[in-house]
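Read through the structure below, which is laid out as structure tokens, and then see the notes.
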Amino acid sequence: YEFYNLGIGDPVAVSSVHGHGTGDLLDAVFAYFPPEEEEEEAADIIKVAIIGKPNAGKSSLVNYIAGEERSIVSAIAGTTRDAVDTEVHNQYGDFLFIDTAGLRRKSKVDDAIEKYSVLRAEMAVERADVCVILIDGVEGFTEQDSKVAGIAHQRGKACIIAVNKWDAVEKDDKTMSRMRKKLEEYFSFMAYAPFLFLSAKTGQRVEKLFELIVYVTQQNTM
């Protein structure tokens, strides 16, 4: 009863060892929280997750779209550790771009931060209406690209397969058609997804990306 003499309200008896009374303590703390305000997202905003293996250029693409450096861009794979949201409003509509940590093979995920990053990336896919699977055009297709795309495919998301760094690819007048044919074979399980060859560095065909995002969203809701 001497605790009442402090004049700061009813004391809460707890045991840190056994956890007794912690529920009552949390209730007492919660009572002082301000009323929760519900944040309503615009119904017509299209949520877009940029996914892909590390160093494919996801952050560079989001930075170009946003017109500012929202994410750190580095040649070191794994720079992005968390999902970053960027709102974009233009003549094509309202968009929320989600830059995600690169999805690695599970055998390569060997520390807690990496595991958390992969979990956040998968949660970003869940939030998204559209998933842009970003491929490194210089490196070319890898098995990991197919696995990353499979995550979005299994969750029934509208998808776009975007080949980045197209400005750095040595090419002739048939390079794009050859690459497209190979990708159609590699991604035969998601033939509904359109392809786009772009450059986050120069902005080549980035505007076309918005048109495709609107298109696949409409197709996926029909």
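Do we have Ser146 as modelled with pLDDT under 90, buried (at least 22 other Cβ atoms within 10 Å of the Cβ) and out of contact with any strand residue (DSSP E or B) (no Cβ under 9 Å at 6 or more places or on another chain) here?
Answer is no for this residue.
Residues that are open to solvent by 40 Å² or more (accessible area, probe 1.4 Å), of a type in the set (Phe, Trp, Tyr) and modelled with pLDDT under 80: does the stretch 1-14 have at least one?
Looking through the stretch 1-14, at least one residue is open to solvent by 40 Å² or more (accessible area, probe 1.4 Å), of a type in the set (Phe, Trp, Tyr) and modelled with pLDDT under 80.
Name the single residue that is farthest from the chain's Cα centre (by Cα) among those in the stretch 178-197 being open to solvent by less than 70 Å² (accessible area, probe 1.4 Å) and free of Cβ contacts under 8 Å to residues at least 60 places away in the same chain.
Met179
Cβ contacts < 6 Å: first residue assigned to a helix (DSSP H, G or I), restricted to the stretch 9-36; second residue open to solvent by less than 100 Å² (accessible area, probe 1.4 Å), any location; separation 6+ or different chain. Result?
That search, which allows pairs on different chains as well, returns Thr22/Val14; Asp24/Val12; Leu25/Val12; Leu25/Val14; Ala28/Val12.
Which is open to solvent by 60 Å² or more (accessible area, probe 1.4 Å), in contact with a helix residue (DSSP H, G or I) (Cβ under 8 Å, 6 or more places away or on another chain) and on the phi > 0 side of the Ramachandran plot, of Arg205, Arg155?
When all the criteria are applied, what remains is Arg205.
The values are calculated or read from the model by the stated rules, or taken from the named source; none is laboratory data. Note that the structure is predicted; figures quoted are calculated from it, not measured. Note: ideal-geometry Cβ built from the backbone for every residue, glycine included; neighbour counts use all protein chains shown. Areas reflect the complete protein model, heavy atoms only, side chains present, ligands, DNA and RNA absent. Shrake-Rupley method; radii C 1.70, N 1.55, O 1.52, S 1.80 Å.
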